[in-house]
Structures are given as structure tokens and as C-alpha cells.
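Chemist: Structure provided below as C-alpha cells; questions to follow.
The values are calculated or read from the model by the stated rules, or taken from the named source; none is laboratory data. Source: prediction; values computed, not measured. In this analysis, Cβ positions are derived from the backbone assuming ideal geometry, glycine residues included, and neighbour counts consider all displayed protein chains.
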Amino acid sequence: MNTTSKTKRMVWVAVSIAWIASANHSHAQSARTIKLDEAIELSLKNSKQLKLSQSNIDLAGLGIRQIKENQLPSLSVSGSYLRVNTPNVNLKIQQSGNDSTGGGGTPNVHQAMYGMASASLPIFSGFRFKYGLESAKYVEQAAKLDADNDRDAVIQNTVAAYSNLYKAKKSVDLVSENLLSERQRVAEFTNREKNGMLARNDLMKAKLQESNVELALLNAENDLKITTINMNLLLGLPEETVIEADSNSFITLKEEGNAAEWEQTAITHRKDFAANGIRQKAADTDIKVAKADLYPSVALSAGYVALNIPGVVTVPNAVNAGIGFKYDIASLWKSGSKIAQARTHAYQLKTNEQILLDKIHLEVNTAYYNYVLSKRKIDVYAKAVEQAGENYRITKNKYDNSLVTTTELLDADVAQVQSRIDYEAAKADAVVAFKKLEQVAGVIN
């Protein structure tokens, strides 16, 4: 290799190093490193799903308030002024009077006015208020548990997105590093081919490898852009924010324990299972609410009436008070379907409990063995990184001594880079797998 070729090669390598270093430095300057705990906190704060869940809790609370308000006294006021024609009034009751007063004439009625006020306070309504309020409180508790379950899902989604962000950035870094190596190789092969020391076919293989790595880098950069946008949406950050995952979040892994203990933990802590139990209590109470129609209703009542028919009668202060009693006899044959419907709903929730137990058993065991597998993959990929690095070193020595082909050298290089990418991905996947295990066990918080 002559001096000019060496100089060109050194210039080309220096320019490539400066280009990649400049790109990485620019990215590092503007990037915001976010820890996993911080990402979870931001996602919980800005989650639209959790805001919707809170509105469901608010609605359940308003249902309780509505039932309580129905127990308050009701008060209504009405009044009217009537203009009438001159009616023919034929009183059947003999009027008293004497000849000297000229009594016995029929009064002329042209108008009438009246005002009314009435109040009612329910005392007993067949336990409808009591059991209705109890059921509404159960519904509110279930809504809160549903919100907690949604919160667990948001945490898990955030961890998965955080992992994808880390893997995407690592892929970009490793492929960029590999692209630099490929460009160095192409520069070296070009000089050797010009000096007649290398077949042109081998140079073309190196250039093809360089093109493939360039395509891989484009794909990796595109994946990074998409995962960044997704992460910003989850965290409530501006879309143009450049963020990076903290690699320290993927160092420590926890012990897997055993599947039976995780399953027992899930039965105790799963929010959806607890919510189903609360809804069963609400359904049992709804049966009592449906039966309330079979009981009479009793209420205190009071009223005031003022009446004025000019020339006929004036009633300024007619006050009444008493107790009202009501019983709908038809409820004896009309309430059967409502009670049967409430019982069917209770049966559905009881059956759903068995379905949830089967679901918990499957989800916990699946998540548990996936986590065990993820931890083992890390060990395997760690060995693969060492083996691929050693394989490339040996292959490179053989190639320099013309003992292996260019294809074998390039394959060894690809295997080396891929093993490093797989190792970084395995670390991130293990964290996601453990968080998934915590989620299905109901203890991700």
C-alpha cells in the first residue's frame, strides 16, 4: 500500500469518525435522560385513560349523592289566576236571609285565584333507599378498583415503551459504530484492489455489506423516531422533545420466586378480581332493591292552600298535615321479572369469578415463565457476545493470512454486531417481563 493511499484512507476514516461523533454529540446535547421512575410518574400524571377512569368514579359518587337527595323533603309551590265568564249558578242549598236584606241573590263570579304549597318527607319506602344507597356505594368502590387496574396497565405500558426507547437508541448506536467499521473496511479494500492485492468481487462484497448496514441504520433511526413520539405521548411531553432512557434502569434484576406464590399474591391483590367481588355484593343488594316494590310506602305530608273567589269565598290559611300510605297491589305480580333479572346478574358475576380465577392462573404462569426465560436469555446472549467477539478476532486473523474468504469475515462481523444488539434487548426485555409479572399479580405499584 503506497503513501498516498494510506493518506487517503486516514483522511476518510477521520472524516467518518468526526461525522458520527458530531451526530452523537448533537443528539446528546439536546437529549433529556429520563429515569424509569420519572417516566412512570409523568405517565400517571398525564394519562388520558386515568382521567377517564376518574370520571367514572365521579359518576358513581354522584349516584350516591342522588340517592341521598331523594331522601330529602320535597317541596312544591303552585298558583293560578283564572278569568271566567258569568256562569249560571243554581245552588241546591237554601240560602238564609230575610225580606229586609234582600238576601237570596246569586253572586256574579268573574275571576278566581288560588295558591298551593305542599311538602312530603319519605319515612319508609320498602328499604328502597337503604339498599339502593348500599348498592351505589359498592358501585363506587368497584369503580375505584377499576381505576387502580387501569393505573397498573398505564404503568406496564410505560415500562414497555421505555424499554423500546432504550432498545431503539442502543440499536442506532451499535449500528452507527458498525457502519464506521464497514466504511473503514471498504476504504481498505479499495486501496488493496487498486494495488492488485484483492479481487474486485471481494470489494463488491464489502460495499454491499456497507449498504446493508446503512439500510439497517435508517431503519433503526426510524424506529427511534417512532418510539420517541410514542414515549412523549405517554409522558405528556411536546412531540419534538428528544429523550433517552437511563441504562441504569436495566442493570438490576429481581429474583423470580415461584409461580404458586405469585398466583396467591394475584388472588389477594388483583384489582379486577376484587372489583368483581364488590360487584357481587352490589348485585345481591340489587335483589333487595327489586323486592322493595313488594312493601308499602309511608311519608309525612303537609300543605297550605289559599283561595279567593271574589264575592263568593275567601280561604286565606287552609293548612293540612298528616301521614300518607301507599301500596301498589300490582307489584305482587309485576315485580317477579325485576327480581329474577337481579338474581341473574348476581349469578353472572359469580360465574365471572371462576373465569377470572382461570385467567389469573394462566396470566401469572405465563408471565412468570417468560421472566425466567428472559433472565436466562441475558446469560446466553452475554456468552454470545464474548463468543462472537472471539470468533471475529480469529476469523480476522485467518483472513489476514488468506485462510478464510471475505464472506466468512463479513459474516463474523455481522454476528458480532447482532449479538451485542440482542444482549442489550434482552436486558430491557427482562425488566418488562418482571413488570408484567408484577402487573398480573396486582403489585406493580
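Chemist: Restricting attention to the stretch 302-331, which residues are surrounded by 15 or more Cβ atoms within 10 Å (Cβ to Cβ) and either in a strand (DSSP E or B) or modelled with pLDDT of 85 or more (or both)?
Modeler: Step one: filter the stretch 302-331 for residues surrounded by 15 or more Cβ atoms within 10 Å (Cβ to Cβ), giving 302-309, 331.
Within the stretch 302-331, ALA302, GLY303, TYR304, VAL305, ALA306, LEU307, ASN308, ILE309 meet the criteria.
Chemist: In addition: Spot the failing condition for ALA382; the list is (1) assigned to a helix (DSSP H, G or I); (2) buried (at least 21 other Cβ atoms within 10 Å of the Cβ), and only one is missed.
Modeler: ALA382 satisfies every listed condition except (2).
Chemist: Let me ask another. Restricting to the stretch 168-198, name every residue that is among the small types (Gly, Ala, Ser) and either more than 15 Å from LEU218 (Cβ to Cβ) or free of Cβ contacts under 8 Å to residues at least 24 places away in the same chain (or both).
Modeler: Keep residues of the stretch 168-198 that are among the small types (Gly, Ala, Ser), which gives 168, 171, 176, 181, 187, 196.
Answer for the stretch 168-198, where residues must be among the small types (Gly, Ala, Ser) and either more than 15 Å from LEU218 (Cβ to Cβ) or free of Cβ contacts under 8 Å to residues at least 24 places away in the same chain (or both): SER181, ALA187, GLY196.
Chemist: Within the stretch 191-211, count every residue that is surrounded by 15 or more Cβ atoms within 10 Å (Cβ to Cβ), over 26 Å from LYS170 (Cα atoms) and among the polar types (S, T, N, Q).
Modeler: 1
Chemist: Considering only residues of the stretch 217-230 that are of a type in the set (A, V, I, L, M) and under 24 Å from GLU182 (Cα atoms), which is surrounded by the fewest Cβ atoms within 10 Å (Cβ to Cβ)?
Modeler: First, pick out the residues of the stretch 217-230 that are of a type in the set (A, V, I, L, M): 217-218, 220, 224, 226, 229.
Then drop every residue that is not under 24 Å from GLU182 (Cα atoms), which leaves 217-218, 220, 224.
Details: LEU217: 17, LEU218: 11, ALA220: 21, LEU224: 22.
Going through the qualifying residues, I end up with LEU218.
Chemist: Show the residue pairs meeting these rules: Cβ distance below 7 Å; 6+ apart or different chains; first residue within the stretch 101-115 and closer than 14 Å to SER80 by Cα and of a type in the set (Asp, Glu); second residue loosely packed, with under 12 Cβ neighbours inside 10 Å and modelled with pLDDT under 60.
Modeler: If the second residue must be loosely packed, with under 12 Cβ neighbours inside 10 Å and modelled with pLDDT under 60, no pairs are left.
Chemist: Could you pull out the residue among GLU239, GLU188, GLU177, GLU214 that is in contact with a helix residue (DSSP H, G or I) (Cβ under 9 Å, 6 or more places away or on another chain), surrounded by 17 or more Cβ atoms within 10 Å (Cβ to Cβ) and among the charged types (D, E, K, R)?
Modeler: Working: GLU239 fails: surrounded by 17 or more Cβ atoms within 10 Å (Cβ to Cβ); GLU177 fails: surrounded by 17 or more Cβ atoms within 10 Å (Cβ to Cβ); GLU214 fails: surrounded by 17 or more Cβ atoms within 10 Å (Cβ to Cβ).
The conditions single out GLU188.
Chemist: Does the stretch 21-42 hold any residues that are at pLDDT below 85, surrounded by 14 or more Cβ atoms within 10 Å (Cβ to Cβ) and of a type in the set (A, V, I, L, M, F, W, C), and which are they?
Modeler: The one that is at pLDDT below 85, surrounded by 14 or more Cβ atoms within 10 Å (Cβ to Cβ) and of a type in the set (A, V, I, L, M, F, W, C): ALA31.
This table checks each residue for (1) of a type in the set (A, V, I, L, M); (2) more than 26 Å from the chain's Cα centre (by Cα).
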position	(1), (2)
ILE360	yes, no
ASP413	no, yes
ASP422	no, yes
ALA426	yes, yes
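Chemist: Let me ask you something else. Any residue at all in the stretch 50-57 that's outside any strand (DSSP E or B), farther than 30 Å from VAL175 by Cβ, among the polar types (S, T, N, Q) and modelled with pLDDT under 90? Walk me through how you get there before you give the answer.
Modeler: Our first condition is that a residue be outside any strand (DSSP E or B); within the stretch 50-57, this holds for 50-57.
If we keep only those that are farther than 30 Å from VAL175 by Cβ too, we end up with 50-57.
Cutting the leftovers down to among the polar types (S, T, N, Q) gives us 53-56.
Checking the rest, the ones that are also modelled with pLDDT under 90 come to none.
Within the stretch 50-57, none of the residues are outside any strand (DSSP E or B), farther than 30 Å from VAL175 by Cβ, among the polar types (S, T, N, Q) and modelled with pLDDT under 90.
Chemist: Okay, moving on. Can you work out which of the residues in the stretch 120-170 that are of a type in the set (Lys, Arg) and at pLDDT below 90 is surrounded by the most Cβ atoms within 10 Å (Cβ to Cβ)? Show your work before the answer.
Modeler: First, the residues of the stretch 120-170 that are of a type in the set (Lys, Arg): 128, 130, 137, 144, 151, 167, 169-170.
Checking the rest, the ones that are also at pLDDT below 90 come to 128, 130.
Numbers: ARG128: 20, LYS130: 17.
This residue is ARG128.
Chemist: Scan the stretch 243-299 for residues that are farther than 16 Å from VAL364 by Cα, among the hydrophobic types (A, V, I, L, M, F, W, C), under 26 Å from the mean Cα position of the chain (by Cα) and at pLDDT 90 or above and jot them down.
Modeler: ILE243, ALA245, ALA274, ALA275, ILE278, ALA282, ALA283
Chemist: Only one residue in GLU363, GLU390, GLU408 is in a helix (DSSP H, G or I), modelled with pLDDT under 95 and charged (D, E, K, R). Which one?
Modeler: Values: GLU363 fails: modelled with pLDDT under 95; GLU390 fails: modelled with pLDDT under 95.
The conditions single out GLU408.
Chemist: Check the stretch 362-371 and report whether any residue there is at positive phi and touching a residue at least 12 places away in the same chain (Cβ under 8 Å). Step through it out loud before you land on a result.
Modeler: So in the stretch 362-371, the residues at positive phi come out as none.
So far as the stretch 362-371 goes, no, none of its residues is at positive phi and touching a residue at least 12 places away in the same chain (Cβ under 8 Å).
Chemist: Then there is this: Test of understanding: among THR285, THR268, which residue is part of a helix (DSSP H, G or I) and either in contact with a Leu (Cβ under 6 Å, 6 or more places away or on another chain) or surrounded by 13 or more Cβ atoms within 10 Å (Cβ to Cβ) (or both)?
Modeler: THR285 is the lone residue from the list that is part of a helix (DSSP H, G or I) and either in contact with a Leu (Cβ under 6 Å, 6 or more places away or on another chain) or surrounded by 13 or more Cβ atoms within 10 Å (Cβ to Cβ) (or both).
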